[in-house]
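Below: one structure, written as structure tokens.
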Amino acid sequence: MTNTTVAAARSRLTCFQTWITISAVLLVAASSFETAAAAQLMAGAAKVDITNPNAAVDGPLHARALVIKSGDTTAVLVTLDVVSLGEIGYVSNEYLGDVRSRLEKELNIKPTNVIINTSHCHGIPCDDIDDRTVQAVKAAAAKLVPVKVGVGAGSEDRVQQNRWLKLKSGKVLDERHAYSLPANDEVAEVGPIDPQIGVLRLDAEDGRTVAVVYNFACHPIMGVPTDVNTADMTGFSSQVIENNLSAGTIALFVQGCAGDIDPIDYKRVDRPRNAEALGNILGLSTLKAVRNIKTKSDDRMIVVNEKMELPRADLAQRMVAMEEERQRLLDSLNGTFLNLETFVRLAVKYNLSNDFPSNYAYRYLQEDARNREGLRKLDATNRARLKSYIRNVRTMEQLTRINTNLRLLRKHQQQLVDAGKRTIEVELVGLRVGDFVLTSFPGELTVPIGLGIKKRSPHEWTFVAGYTNGYIYYCPTAEQLKNVGGAQEDSDCLLAPEWQKLYEDKAADILRRL
Ligand SMILES: [Zn+2]
């Protein structure tokens, strides 16, 4: 390293330290903390249909609201069957602020006590989703009754898979709609999942269940066989739970750390994709956990709401490297003897009969008997032609992945330029209800982050919600960010790797105070 580079590195470090100090000061200023006085816990829940009326639907979309009150503190949890709050999808960037100010004005609920989680299904909601959300919260508030509270966990590992594929080359690719998977013989390892279903159960004093809140990590993007609008697997699972508990029970699905988790068999092509089957499994496993929970009187409710700044990534250098890699791949494409039609014909023949692909067996035997090698030489040549054709196809698959991920990097680099600052503000919420502890984040956290937060938490029943109170794209671990440009999670990301420790320390701090 030259002296200049050392100096530059030191100066960068100093800037970073200063930035951490400033962020810490900002954090204290932006913090709000509310503990309920000793009182009876009250809860009410409701749901309102938010399905877009202009398209066919299989598994309608809902806004579900839970209002919980203890003493002077009221908290609201809303779950929406939409992809995100702002940025992408159909919900505007103004939605959260609008809904909160209306709830403050009309129900006197503190904006910082309103928690809105999106399931991240890719369904299409109605245009007046903000009105309908307020309507759902009002309906829930009107149903407030004294409740007993219980917490527990179920397990489900049959409906999801980690979508990160570690390759033998050390690189990582992900399973996406947008591009093809790598060749089977390149794949070395798959990543972890979190099978835990975190459950909060609230029962009225007459024994009926008012609400079930359940937290689980999986992209609900399976789709339905008819390929129409749908709330997807978590819409179906909520329906299963509601249909099997007391009349009027509301099941609120809170999306967890699903950044790198897809539905199982997401890329199968030989049968229709069916979210309902997966939702039924998840719903039944949640019900199993619900039935094991004993509720009790417990008036503890705490809401912590804090803002923090996280460092943005500068992707310029990585973009240049990816452009160079794209050019190298492009230059490596060579002409082939075969075209698509001749390739398919030969591929079928050579897979049908390994020993005698080009003619009847007796013709090969006749040639062998006369020391002629025409057929065997033809086969060797054709096999080499098939290989060159496949090599080009694999290279083109790589190019499609680079193009897709490079577009994401360009988008986020432009956002960095437009933001005019090196940090992005996020809102974090901590919620305790009885023994149930939830901490939230406004991005697509990946599963190792959720597992880590749960492990380090001082509370037995700690759950983590991504996709809450905003949307800042994918938020993978610092380790996953070594792969920038290789998979969606590390490309569709605004953050520099340092974000992870800053966030995890803050989440741990919030958890300690719950
Ligand atoms: Zn996603």
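If one computes P(r) from the Cα atoms of segment 316-419, what percent of pairs lie at distances over 19 Å?
60 percent
Need one value: the accessible area of Leu167 in square angstrom, 1.4 angstrom probe, rounded to the nearest 10.
Answer for Leu167: close to 20 Å² accessible.
Which log10 I(q)/I(0) values does segment 349-471 give at q = 0.18 Å⁻¹ under the Debye formula, counting every alpha carbon as one identical point scatterer?
-1.04
What share of all Cα pairs of segment 383-438, in percent, falls into each consecutive 10 Å distance bin?
Binned Cα distances yield the sequence 17, 19, 18, 19, 16, 8, 2.
Putting +1 on Lys and Arg Cβ atoms and -1 on Asp and Glu Cβ atoms, find which of Val137, Ala183, Ser155 reaches farthest to the positive end of the dipole of segment 129-192.
Highest projection toward the positive end goes to Val137.
Using the Cα atoms as the points, what is the convex hull volume per residue of segment 54-148 in Å³?
Roughly 107 Å³ of hull volume per residue.
Over segment 117-238, one equal point on each Cα, no solvent: what is log10 I(q)/I(0) by the Debye formula at q = 0.10, 0.14, 0.15, 0.22 Å⁻¹?
-0.51, -0.86, -0.94, -1.32
Please report the antiparallel percentage of the DSSP beta bridges confined to the chain, to the nearest 5.
The antiparallel fraction comes to roughly 80 percent.
Taking 8 Å as the Cα distance limit and 6 or more residues as the minimum spacing, I'd like the relative contact order of segment 82-125 as a percentage.
Dividing the mean separation by the residue count of segment 82-125 yields 48 percent.
Run lengths n ≥ 4 of DSSP H only: what is the helix-derived mean residue ellipticity at 222 nm for the chain, with -39500 (n - 2.57) per run over all residues, to the nearest 500?
After summing the helix terms and dividing by residue count, I get -12500 deg cm²/dmol.
For segment 412-514, taking Cα atoms only, what is the radius of gyration to one decimal and the Dmax to the nearest whole Å?
For segment 412-514, the Cα radius of gyration and maximum Cα-Cα distance read 14.1, 44 Å.
Quantify, in whole percent, the carbon and sulfur part of the accessible surface of segment 150-208 (1.4 Å probe; protein heavy atoms only).
That share works out to 47 percent.
Pull up the cross-link candidates among the lysines for Lys143, meaning alpha carbon to alpha carbon under 30 Å and not fewer than 8 places away within one chain.
Lys47, Lys69, Lys105, Lys110, Lys288, Lys294, Lys296
Express the C-alpha Rg of segment 41-200 as a ratio against the empirical globular expectation 2.2 N^0.38 Å, rounded to two decimals.
1.31
When ligands, DNA and RNA are left out and all protein chains stay put, how many square angstrom of accessible area per residue does segment 337-427 have with a 1.4 Å probe?
66 Å²
For segment 180-321, list log₁₀ I(q)/I(0) at each q in 0.20 Å⁻¹, using the Debye formula over Cα point scatterers of equal strength and ignoring solvent, two decimals each.
For segment 180-321, the Cα-only Debye profile gives -1.22.
Per Stokes-Einstein, at 20 °C and 1.002 mPa s, what whole-number D in µm² s⁻¹ belongs to segment 168-230, with the Kirkwood radius over Cα pairs as the hydrodynamic radius?
In µm²/s, the coefficient rounds to 131.
Given 25 °C and 0.890 mPa s, compute D for segment 205-285 with the Stokes-Einstein relation, Rh being the Kirkwood radius over Cα pairs; round to the nearest whole µm²/s.
Reported coefficient: 183 µm²/s.
How many percent of Cα pairs in segment 70-117 exceed 18 Å?
31 percent
In Å, what Kirkwood hydrodynamic radius results for segment 280-333 from the alpha-carbon pair distances?
After inverting the mean inverse Cα-Cα distance, the result is 18.0 Å.
Of all alpha-carbon pairs in segment 295-367, indicate the percentage at a distance above 17 angstrom.
77 percent
In what order, largest first, do Thr381, Thr79 sit by accessible area if the probe radius is 1.4 Å?
Result, largest first: Thr381, Thr79.
Using protein chains only and a probe of 1.4 angstrom, how many square angstrom of Glu425 are accessible, to the nearest 10?
Taking all protein chains as shown, Glu425 has close to 100 Å².
Excluding ligands and nucleic acids, what accessible area in Å² is computed for Asp227 using a 1.4 Å probe, to the nearest 10?
130 Å²
Return the equivalent ellipsoid semi-axes of segment 357-402 as a descending list in whole Å, where each equals the square root of 5 times an eigenvalue of the C-alpha gyration tensor.
35, 9, 4
Averaged over all directions, how much area does the convex hull of the C-alpha atoms of the chain cover when projected, in nm²?
About 30.1 nm², averaged over all directions.
Given a Förster distance of 45 angstrom, what is the FRET efficiency for Ser388 paired with Lys455, based on the Cβ-Cβ distance and rounded to 0.05?
About 0.35, to the nearest 0.05.
The values are calculated or read from the model by the stated rules, or taken from the named source; none is laboratory data. Quick caveat: nothing in here was measured; it's all calculated off a predicted structure. FYI the Cβ positions are ideal-geometry reconstructions off the backbone, even for glycines, and counts take in every protein chain you see. Accessible surface areas use protein heavy atoms only, side chains included; no ligands, DNA or RNA. Shrake-Rupley method; radii C 1.70, N 1.55, O 1.52, S 1.80 Å.
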